[in-house]
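Coordinate-derived values only; no laboratory data. Given the structure is predicted, the values throughout are model-derived calculations rather than measurements. Every residue, glycine among them, receives a Cβ derived from its backbone with ideal geometry; neighbour counts consider all protein chains shown.
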Amino acid sequence: MKYLNSHLRSAAARFVPGRALAIAMLLGPAVGAMVAFGTVAAEETKDANVVTIDNFSFGPGELNVAVGTTVKFINHDDIPHSVVENNKAFRSKALDTDDAYSYTFASAGTFSYFCGLHPKMVGKIIVK
Amino acid sequence: MANKGLDDHGQGIGRREVLECMVWAGTGVLWAMSGGVPHSVGLIGEAAAAESTGFTFLQMSDSHVGFDKKANPDALGTLREAVAKVKAMPMKPSFIIHTGDITHLSKPEEFDNADKVFGETGVQMHWVPGEHDLIDEGQGKAYMERYGKGAKGAGWYSFDDHGVHFVGLVNVVDLKAGGLGNLGAEQLAWLEADLKGKSNSTPIVVFAHIPLQVLYKEWGWGTEDGTQALTLLKRFGSVTILNGHIHQLAQKVEGNMTFHTALSTAFPQPAPGSAPSPGPMVVPSDQLRSMLGLSTVTVLQGNKPLAFVDKTLAG
């Protein structure tokens, strides 16, 4: 594993950032190490990258994250909810009470989402 | 169960509160319609006076089999109580219309349990899905395999009984961000074709999970394109619209249309805007059964409108 990481870092140094990220994504488990290496700020605020569902609403309704961030959605209601991106970029299963769903935002953009059961519930993740 | 909370329930309530109850709460009120205008005829005890054609059906709704949270730790148990009431009816209903949310999480064992308990009624069932019935991996595949045989699209269909035309609609599929319930163009086109050959004097009963009319937009209690369906129904002399979803009684009349939502058999939900969210309402356990129930719909003799009796599990 140590060998793989150091190999990756040297590979990242040789490629442009976008391509390095693409390689990191392909390699799956190594993604965490790569993101931590490149963006320390994102690592420090990792716990803040959580959207909770309470009283039929997503909170915070709008969340700003860096590219590569994993956002966790947790349902605290007594009713199942789901997280569905408006353009089908991602879609969670129905989340029962205290179930969670995580999605890693690999590219920049604004991702608007809603609850597939209660579409009045909407939220937004802004990835920069 | 041992506590008789019902005795306290009806005491010290003023006329205004009673009227509010008739609109929103689980008291049993018989509604009848004369010349398109419904009026409450009386409470449950007097309802037996209605002259029946022998054609009575039930509306049951929002059973949420599998729900076990604070608002009702045993939703299957209260469904069993509701079914026991059906079995004890002196006159067997012709069939039961279930207006959706049969299960809580669309799990196979939840559907199995629901089928088993409803099967005990020995009465034919007509189903439409609620949003809770379509959250399996296949996004509705489980529901369609069990209940969708012979239905069109996402599970809509129609049938005739005793001269009444019944239409089951699905408004919980392909929901749009920020929107309400949704019928969609394909279903509306089907509905138009389905109604085409029917004479204006044919009594129509439409049933769907989410209210077709907008009851409370802030909580998503309505159907985005519901007015298009209602426009198609306008020419008929008697239209009855049965919905669930909001876990409380609501009655509304517009012209020749009567809107009715049934109680849940699982848990109550708050009146519109009276709580931070429409989530399950926790009430003292001795009051729960007065807020759960089922509705009896009777087709009356002659040209009279359909009569409702909403009965709670406490009664």
Pseudo-spin-label distance B:LYS234 to B:LYS92, built 7 Å along Cα→Cβ, given in nm, is 4.3 nm
Expressed in nanometres to one decimal, the distance between label points 7 Å along Cα→Cβ at A:ILE74 and B:LYS176 is 3.5 nm
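Over the stretch A:45-127, what is the percentage of antiparallel beta bridges among all DSSP beta bridges, to the nearest 5? Provide the component values of the computation, followed by the final result.
Numbers: 18 of 26 bridges.
If I count the DSSP bridges inside the stretch A:45-127, around 70 percent turn out antiparallel.
Just to confirm the filter: which GluC sites (Glu not before Pro) across the stretch B:126-164 are DSSP coil and have at most 12 other Cβ within 10 angstrom of their Cβ?
B:GLU137
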For the stretch B:158-255 the trypsin sites (Lys or Arg not before Pro) that pass both the DSSP coil test and the at-most-13 other-Cβ-within-10 Å test are B:LYS176, B:LYS234, B:ARG235
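Which of the trypsin sites (Lys or Arg not before Pro) across the stretch B:67-110 are loop residues per DSSP, with 11 or fewer other Cβ within 10 Å?
Numbers: sites: B:LYS69, B:LYS70, B:ARG80, B:LYS85, B:LYS87; in loops: B:LYS69, B:LYS70.
Within the stretch B:67-110, the qualifying trypsin sites (Lys or Arg not before Pro) (loop, at most 11 other Cβ atoms within 10 Å) are B:LYS70.
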extent check for the stretch B:174-296: Cα max minus min per principal axis, descending, whole Å, gives 50, 35, 21
Charge tally for neighbours of B:VAL167 with beta carbon under 13 Å away, counting Lys, Arg as +1 and Asp, Glu as -1, is -1
Listed by chain and number, the residues whose amide H is under 5 Å from that of A:ASN64, excluding neighbours fewer than 5 places away on the same chain and using placed H, are A:ILE126
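At 0.36 nm per residue, minus the direct Cα-Cα distance, what do B:GLU109 and B:ASP68 gain on full extension? Give it in nm, one decimal, please. Don't skip to the answer; put the middle values down first.
Numbers: separation 41, 0.36 × 41 = 14.76 nm, distance 1.41 nm.
Result: 13.4 nm gained on full extension.
On full extension of the chain, what length is gained from B:SER201 through B:ASP160, given 0.36 nm per residue of separation minus the C-alpha to C-alpha distance? Please report the intermediate quantities before stating the final value.
Working: separation 41, 0.36 × 41 = 14.76 nm, distance 1.39 nm.
13.4 nm is the gain from fully extending B:SER201 to B:ASP160.
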The alpha-carbon pair-distance distribution computed for the stretch B:64-117, with 10 angstrom bins and whole-percent values, is 23, 51, 23, 3
Taking max minus min of the Cα coordinates of the stretch B:55-171 on each principal axis, largest first, gives extents in Å of 40, 35, 20
Between the modelled labels at B:VAL214 and A:LYS124 (7 Å from Cα along Cα→Cβ) the distance in nm is 2.2 nm
On each of the three principal axes the extent of the alpha-carbon atoms of the stretch B:202-248, given in whole Å and largest first, is 33, 20, 11
Filtered hits (lysines, Cα-Cα < 20 Å from B:LYS196, offset >= 8 within chain) -> B:LYS152, B:LYS234
Over the stretch B:100-158, the quotient of the Cα radius of gyration and 2.2 N^0.38 Å is 1.06
